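The values are calculated or read from the model by the stated rules, or taken from the named source; none is laboratory data. Everything quoted here is computed from the prediction, not taken from an experiment. In this analysis, Cβ positions are derived from the backbone assuming ideal geometry, glycine residues included, and neighbour counts consider all displayed protein chains.
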Amino acid sequence: MDYSVIAEAYSRIEETRKRLEMTEILVELFSKVKDDSDLLRRIVYLTQGQLSPDYQSMVLGVANKLALKAISRGSGVSPETIENWWIETGDLGFVAERAMANKTQTSLFSEPLTVNRVFDSLMNMAMKEGSGSQKTKQDIFANLFHDSSPHEAKYIARMLSGKLRLGIADMTIIDALAQTFGTEKERVEIAYNKYPALGQIAYVLSEKGLDGLDEIKIDPGVPLKAMLCERLSSLPDIIDKLGKCSFEYKYDGLRIQAHIWSDPRVGQVVELYTRQLENVTAQFPDVIEVLKASFNKTEGILDGECVPIDINTGQMLPFQEVSHRRGRKTELAKAIEDYPVSVFFFDCLFLNEEELINLPYTTRREKLASCLDISDRVFISHSLITDDPDKAEDFFQQSLSDGCEGIIAKSISDDSPYKAGSRGWQWVKFKRDYKSELDDTVDLAIIGGFAGRGRRAGTYGALLMATYNHETDTFESVTKLGSGFNDEMLASFSSMLDEHKVKKIPVRVESKMIPDYWFEPVVVMEVKGAEITLSPIHTCGLDEIRKGNGLAIRFPRFIGMREDKGPEDATTTEEMVSLYNLQLKRLE
DNA sequence: GTATGTACTTCGC
DNA sequence: CTCCGACTGATTCGG
DNA sequence: CCGAATCAGTCGGAGGCGAAGTACATAC
C-alpha cells in the first residue's frame, strides 16, 4: 500500500475535531488492510506515532532539533529559514510540507513511497546508534523525503518529532479496531487491558478474528497498562463519589509493576516495569533481591511504588533521589548504595496462573497480603477504610507527616476491577496542593517567553518566571510556566507582553535559561506548585542551599494575574529560600 | 587522539 | 505530573 | 411531549521539573 493512502486518511482526520468522524475514517483505513495482518499491525503502530508497543521501546532518537536539521538537508532550504518556520508554525509537519514545496531540486527518479518503506526506514533509523549515527539517520530521512510529496513529508516529519497531532490516541484506535472487526469497543479494551500492544492486537484480529481476542491472556513478562487516578480537591467530595472506600498513602516515588515467574532453566525471574512500561529491571537489583525473599508464591504481578529512603532512619526522601536510579547504566552499584529504596505494594494483578484484574479491589488486596512477607524494604501500602471525612482528614495529615504526597481513595465496591488508564473514578487522588485553602502560591515576574507549538503556535507556549532578589536588586529565574492558561489568557499574551519585549537579557535579570524572547520584568502572575526542588538550571537562590543549585517549582501552574503588583512586589528570593526550608522533605 | 563540555533526546514525576 | 477544550451521551428544562 | 439547554465524562494535546545517556564539537 502506498503511504499516500495513510497520509490522505490522516489529513481528513485533521480536518475534523469530531471523534466519531475520526473513528469512521480510521475504520475505513483499517478496513482496506484488515486481511493483511502484517501491514495492519504496522499501520496501527504508525498511527500511534510509534514503531512498536511501549514496552519494546523502539525509539527514533530524533526529535525537533535533529528533525529540523534533517528537513533542511533534505530540502536544501537554509537552516535559518527552517528555524523561522518552526518558530512561526510550531509544527514540524508544516515546516516539512513547506520545505518540500520549496525544494530546490526536483527529483527525476523516485521510488514509490509505500507504507512498508516508510516503516522500514523509520525502524532502520531507530536501530542506528554510535558514532556517525545522526548523519546516517538524516540520510535515511533525506531518502524518504526525496520521494515524498509535501503532503507525505508532513506526516513523516511528525513521526520524527514524536507528535502526529491527529487528535487520535489509543482509545480511538481501539474503537476503530472494534468497528473494523465488528465488535464492541469494550471487548477490544479488555484485551488491551491485559496486553498493551495495539498493533499486535490488530494483528491477532486479522489473523484469527474475534476469537483471537479471547486467547489474549496476562503473561508475566509482558507489562500491563497501569491503572491511574482521577483527582478531586476535597475529601467530602471523594466520599460522596466513592462512598465508604479505602484510603491509602500516595507515596512519592517510581511506579513499579513487578513480574515474577519461574523459568525452568534459570529459576525464579523478576522483572520491573514503570508506569509507561519501561523495563527498569537492570536499575533495581536490590529490589529484585528483597522481592525474591518476600514473595512466597511461584508467579505473580504486583503493583507498587518504589520510594527513596534514608537507610538509617527509614524516612522517605524527595522524589529527586530515586530519579538518579531510573535509566542509569553506569556506576549502578554506587547508585544503589547512594539512593536506597523501599517498595510499597498496593495491588496484585496476577497470582499463580490466576488473572485477578477483574476481581474486586478488596479481594486483590487479600491476595496481595497472602503472597508477600513484609520486610524492612518491602511493604504493603498503608491504608484505612472509612466513610468519615474527619478520619480521612486525619489519615491525610498523617500521610503528609510521614513524607507522602497525599492519599488515594480506592473504591471497595464489588465492581472495582483493575483498569488501564484513569476511567471510572475507581481511584481518586487527593494531594496537599489541591486544597485551595492551603495557599502555597507565589507571585512571579515574567522575564521571558517561549514560542508556542501546536495549538499554541503564534503565541507563547510558556513564560519564564522570576523571583525578586532584594539584596542584589535582580530577578532570578525560578520556573517556566505553561500550564493553567485558558484560551482567553493565551490570546491576551501578545498585547500584555509585547510592549515589554527587549532584544537582550535585561540588566537586572539573572538567568541561565535562554528563552526565545526576553521581557523587561513588569508583569506579575500568581503561580501554584506542589513543592520546591533543587535546580541545576534556575538561578533563584543560587548556591544558598547547595553549591551550584538554585530553586525551582515542581508542577507549576498559572493561577491568576497580579495586576496590583509591580515586579519588585513579587515573591522574593529570600521568601523562596525560607519556603524551601519549611518543607518537610528537602535535600541540603 | 583522548578528555571534557554541550546540545539534544527520552523518560520518570 | 497539571491543566484546558471539544465532543458525546445522558438528563433536565421549558414551551 | 419533544426539542433545547445543561452537565459530567472521555479523550487528546498543550505545557512544567529533573536525571541520565548519546553523539558531536571543542580543547588540550
If you go through segment A:490-512 one residue at a time, do you hit one that is touching a helix residue (DSSP H, G or I) at 6+ places or on another chain (Cβ under 7 Å), in a loop (DSSP other than H, G, I, E, B), farther than 20 Å from A:Gly452 by Cα and at pLDDT 95 or above? no
Hey, does segment A:66-88 have a residue that's out of contact with any strand residue (DSSP E or B) (no Cβ under 9 Å at 6 or more places or on another chain), under 20 Å from A:Arg456 (Cα atoms) and either surrounded by fewer than 19 Cβ atoms within 10 Å (Cβ to Cβ) or modelled with pLDDT under 95 (or both)? yes
Identify the residue in segment A:224-248 that is touching a strand residue (DSSP E or B) at 6+ places or on another chain (Cβ under 9 Å) and in a helix (DSSP H, G or I) and, among all such residues, is farthest from DNA strand D (Cβ to nearest atom). A:Leu235
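Condition check ((1) outside the structural domain of A:His382 (by TED's automatic domain parsing); (2) aliphatic (A, V, I, L, M); (3) outside any strand (DSSP E or B)) across all residues:
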{"residue": "A:Val307", "(1), (2), (3)": "no, yes, no"}
{"residue": "A:Gly314", "(1), (2), (3)": "no, no, yes"}
{"residue": "A:Glu321", "(1), (2), (3)": "no, no, yes"}
{"residue": "A:Arg326", "(1), (2), (3)": "no, no, yes"}
{"residue": "A:Ile336", "(1), (2), (3)": "no, yes, yes"}
{"residue": "A:Asp347", "(1), (2), (3)": "no, no, no"}
Tally the residues that are within 16 Å of DNA strand B (Cβ to nearest atom), surrounded by fewer than 19 Cβ atoms within 10 Å (Cβ to Cβ) and not in a loop (DSSP other than H, G, I, E, B), restricting the search to segment A:452-487. 1
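Yes or no, residue by residue, for (1) farther than 29 Å from A:Met125 by Cβ; (2) in contact with a strand residue (DSSP E or B) (Cβ under 8 Å, 6 or more places away or on another chain):
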site	(1), (2)
A:Leu166	no, no
A:Leu177	no, no
A:Phe181	yes, no
A:Lys194	yes, yes
A:Gln200	no, no
A:Pro220	yes, yes
For residues in segment A:398-426 being hydroxyl-bearing (Ser, Thr, Tyr) and part of a loop (DSSP other than H, G, I, E, B), which is farthest from DNA strand B (Cβ to nearest atom)? A:Ser413
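Can A:Gly267 be described as surrounded by fewer than 21 Cβ atoms within 10 Å (Cβ to Cβ) and on the phi > 0 side of the Ramachandran plot?
Against the criterion (surrounded by fewer than 21 Cβ atoms within 10 Å (Cβ to Cβ) and on the phi > 0 side of the Ramachandran plot), A:Gly267 qualifies.
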Do we find that A:Ala96 is modelled with pLDDT of 95 or more, within 16 Å of DNA strand B (Cβ to nearest atom), within 15 Å of A:Arg165 (Cα to Cα) and assigned to a helix (DSSP H, G or I) in this structure? yes
